[in-house]
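Here is the structure we will look at, set down as structure tokens.
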Amino acid sequence: MLSNIVLAVIFLSALGVVASAWLGRWNDSMLLIHGSIGVLAVFLLPAMALATFPNSDYENPWVWWSVGISSLSVAIATGLQARFVAHLAILMSAWTVISTNDSVGGASLGEALQGSIYVVILSIGVAGIVTLSRDWANEVDAAHTGYLFSALERASVDATERDNQRVGALVHDKVLHTFLFAAAARTPSERLAAVELAREAVDSIAEIQNGLVPSGTTTPSSLFLSLRKAAIKRSSRIRASVYITGLDPIPLETANAITEATLQAIENAERHAKFTNLELKLNSPAAGVISVQIVDDGRGFRMERVPRARLGIRGSIIDRMALVGGVAKIKSSPGLGTVVSLKWPK
């Protein structure tokens, strides 16, 4: 009767291990319970063997098969830890002593030790593999966590830099332009216009502080139409040419960046180039691709001599295009004019 009870408990604990594996919960706890019941079975072996094992045809009683499984369960649950070593020492010592008892077969000390050594070697091997696997998994997790942390730091730095660039471009485009316009205002209508420009600049700064980014889409055709009108309004001497348009959607934020960078290039030409001819070339050479060129035959300049503190080229044109995934290239030489090329995507 005792033998049947112990066998049933071992069977139920094995089912518990399977159930915990399916559920993904209490895995280590069930393995340790299963391993502990294996040790209990060894200590109860003499009492069970009084009526069960003397007539068995097996070389070893069935408890022997639970010994190896018990040690493997603890090895999987703990790895090469003190709990595993203690469990293995108790289990193997108990089996070695009890298996020499006449009631359970009367094995010689050498035979008992041999069986115990087999289980020890197998259990330590499994425990070593489990420990290495967990260590490797922890290293992978640590590396992955470090990578995510670095990515978050980079994203934070990029976001800060993006905001700084947007603010810098805004200050140059609207705030400084408002100051210059207000300083030159002479009539009441010009002063009212300066007030309106100042209000727009304040609203733009507030949008950046609140993290507002233009959403929605537009098309190259709509962009070129509005950009042509804005360019002619900015410079009455400009000649605008539209080569190819399209109806492919492009982000509204991108359209705004292209418009602002284009108008800034036109304003730079008006203020510094002393040109005879100024041309705006608008093109969409492929689906979802925007190409804009601002070409003048003015006095030109050397890009490397432009002070880094000047925002008109770097902040309002180059950085602004980079913020939306585009690129701005400026080609100029003294006496040979200037070509500002904007392309999106990069």
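Since every read-out is calculated from the coordinates, none of them should be taken as a lab result. Quick caveat, the model's predicted, so the values are computed rather than measured. Reconstructed Cβ throughout: ideal geometry from the backbone, glycine too, with neighbour counts over all protein chains shown.
A few comments on the model shown:
- Antiparallel DSSP beta bridges within the stretch 224-346, percent to nearest 5: 80
- Between amide H atoms placed 1.01 Å from N, distances below 5 Å from residue 300 occur with 335, 337, all of them 5 or more places distant or on a separate chain.
- Cβ crowding within 10 Å averaged over residues, with 93-99, 14-20 ranked highest first: 93-99, 14-20
- Long-range amide H partners of residue 290 with built H, under 5 Å: 344
- Residues of the stretch 286-306 falling in the label zone of residue 329, defined by backbone nitrogen less than 14 Å from a point 7 Å along Cα to beta-carbon, are 291-294.
- Relative contact order for the stretch 211-272: 46 percent, from Cα pairs under 8 Å spaced at least 6 residues apart, divided by residue count.
- Annotation: extensible slack from residue 142 through residue 222 equals 23.8 nm (criterion: 0.36 nm per residue apart, minus Cα-Cα distance).
- Peptides 132-143, 330-341, 235-246 ranked from most to least packed give 330-341, 235-246, 132-143, packing being the mean of other C-beta atoms within 10 angstrom over each peptide's residues.
- Under a model in which nothing but the beta-carbon of Lys, Arg (+1) and Asp, Glu (-1) is charged, the stretch 226-342 shows a dipole of about 440 debye around its Cα centre.
- The residues neighbouring residue 341, those whose beta-carbon lies less than 11 Å from its own, together hold a net charge of +4 under the Lys/Arg +1, Asp/Glu -1 convention.
- Each peptide in 81-91, 286-296 gets a packing score, the mean of other Cβ atoms within 10 Å over its residues, and the list from highest to lowest is 286-296, 81-91.
- Taking each residue as 0.36 nm, the span from residue 114 to residue 287 lengthens on full extension beyond its C-alpha to C-alpha distance by 54.5 nm.
- Checked against a 20 Å cut-off, the cross-linked pairs 229/346; 229/281; 274/343 give Cα-Cα distances beyond that limit for 229/346; 274/343.
- Those trypsin sites (Lys or Arg not before Pro) in the stretch 252-319 that DSSP places in a loop and that have at most 10 other beta carbons within 10 Å: 302, 308
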